[in-house]
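Report on the following structure.
The values are calculated or read from the model by the stated rules, or taken from the named source; none is laboratory data. Here the structure is a predicted model, which means the values were calculated and not measured. No Cβ is skipped: glycine too gets one built from the backbone with ideal geometry, and neighbour counts run over all protein chains shown. Heads up: the accessible areas ignore ligands, DNA and RNA and are worked out on the full protein's heavy atoms, side chains in. Shrake-Rupley method; radii C 1.70, N 1.55, O 1.52, S 1.80 Å.
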Amino acid sequence: MPYAILVVSALLYDLALNLPVGTMPLALLADGTAAPAVAIAMGSGMFAALFGSLPIGALTDRVGRLPMLRASAGLGVLSLFGLAFAHGPVLGGILLGLRSIALVGYMTSEFAYAGEIASKGRAVSGVATLGMIGNLTFATSPAISVFAWQHGIGREQYAWACGLAICGFALLFALPGKFDERRGSATRAPILMHPRWYPAIGFAMACTLQGGVNGALAILTFHQRGIVNGAAIFTASALASFALRYPAGRLVDRFGPRVVALPTALMSAMGCVFAASAHSLVAVVFAGLLLGTSWAAVVPVALGLLFEHSTSRTRGAAMGAYTLAFSAGAAIGASVATLATLAGGGYTVAMTVCAVGPLAVLPYVLRSRRSARILRGIREVATPS
């Protein structure tokens, strides 16, 4: 029952909070904001997530999963309501940053709480499957928002969507406290990062590079190559990832993250190579399927590596490191895209770099077994120090 509550709450909350991704750029342009200022305002959320991930993770361990989950949901409702009335890039950027912090806090505490609900043999697949809700809503909510905008429903859609977010928020008060964990008044400083989490962070960052490059350059590049709908790479990737996330999680539960990391890295590299050279819609879809198949396993592999070296008392910090890895990977990928474009290589060179990333970090992930205290599932290990 608690898991079902988390799923429904996440669905309602994420549907509402992802609406501004689609239409805030349009709203800011309608205010007369210059395009560079729009880009800066929209980018504020990415940087808020990047710098807020680790502190939020440590705070989750300190105050508890449920208090952080509810506080984050409340902040999200307030930021969404504010966006319904805010005008201009400064106030819009501030509210978008608060929205991003709310989402990071929600996901971090949600994953940490879910890790205590799932049975030890299904912990990775249980938590990773929750991430499917975020993928699904991110794929649909911005498009719904743009559709509403095109039919005359402007910023007021955010205010109406607050009803969904509030319903998701209210459901959180039905979650039992027995799965919560907090350090309370512990005298030791909360853990922000632990060296044994580096393999998971490195693997997640390397596999996320392509997301930053595709977000920055894919649509424009495929349009220039004469492909009718370059967004097909995102559709194919999202469908493959959604379909295969749970099976990938079960494979990690059964065989461990390192066994699954090898084919995942190879599939990611192949997807990047095919995308870099895609000059037809069929090639774009095929590349998207490869990338989506890889992405389905990246999340459970990263979670599995983190769960090996985190306990109930440090799970929040581990999930903070998890969100940091994906935020940093996307930001670095966008930077690679910019540098490759300035150098004249564009999308082809940028995606080639992304193909090398997962293969380069793979030996580090595989060798981490030698110094790691490997345990099946998520059996508790000594608290990292």
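Can you tell me how many residues within segment 217-249 are within 18 Å of residue 297 (Cβ to Cβ) and small (Gly, Ala, Ser)? Here the count works out to 8. Restricting 91, 15, 75, 96 to those that are more than 27 Å from residue 174 (Cβ to Cβ) and open to solvent by 20 Å² or more (accessible area, probe 1.4 Å) reduces the list to 91. The lone criterion from (1) over 20 Å from residue 131 (Cβ atoms); (2) at pLDDT below 80; (3) in a helix (DSSP H, G or I) left unmet by residue 262 is number (2). Of all residues in segment 205-231, those being among the aliphatic types (A, V, I, L, M) and open to solvent by 20 Å² or more (accessible area, probe 1.4 Å) number 8. I'd like to know if segment 34-44 contains one or more residues that are in contact with a Leu (Cβ under 8 Å, 6 or more places away or on another chain), assigned to a helix (DSSP H, G or I) and closer than 23 Å to residue 201 by Cα. Yes, that holds for at least one residue. When residue 293 is tested against (1) touching a Gly at 6+ places or on another chain (Cβ under 8 Å); (2) open to solvent by less than 10 Å² (accessible area, probe 1.4 Å); (3) of a type in the set (Val, Ile, Thr), exactly one condition is not met: (2).
In the condition set (1) part of a helix (DSSP H, G or I); (2) open to solvent by 10 Å² or more (accessible area, probe 1.4 Å), residue 28 is compliant with all but (2).
Taken over segment 313-368, residues that are of a type outside the set (A, V, I, L, M), part of a helix (DSSP H, G or I), more than 16 Å from residue 301 (Cα to Cα) and free of Cβ contacts under 8 Å to residues at least 24 places away in the same chain amount to 0. Screening residue 71 with (1) at pLDDT 75 or above; (2) under 17 Å from the mean Cα position of the chain (by Cα) gives one miss only, at (2). For segment 258-290, a residue qualifies if it is of a type outside the set (A, V, I, L, M, F, W, C) and open to solvent by 10 Å² or more (accessible area, probe 1.4 Å), and the qualifying residues are 258, 263, 277, 279, 280. Looking across 106, 113, one residue alone is surrounded by 19 or more Cβ atoms within 10 Å (Cβ to Cβ), under 24 Å from residue 328 (Cα atoms) and touching an Asp or Glu at 6+ places or on another chain (Cβ under 8 Å). It is 113. Of the residues that make up segment 175-192, is at least one at pLDDT below 75, part of a helix (DSSP H, G or I), among the hydrophobic types (A, V, I, L, M, F, W, C) and over 16 Å from the mean Cα position of the chain (by Cα)? Looking for residues that are at pLDDT below 75, part of a helix (DSSP H, G or I), among the hydrophobic types (A, V, I, L, M, F, W, C) and over 16 Å from the mean Cα position of the chain (by Cα), one finds at least one in segment 175-192, hence yes.
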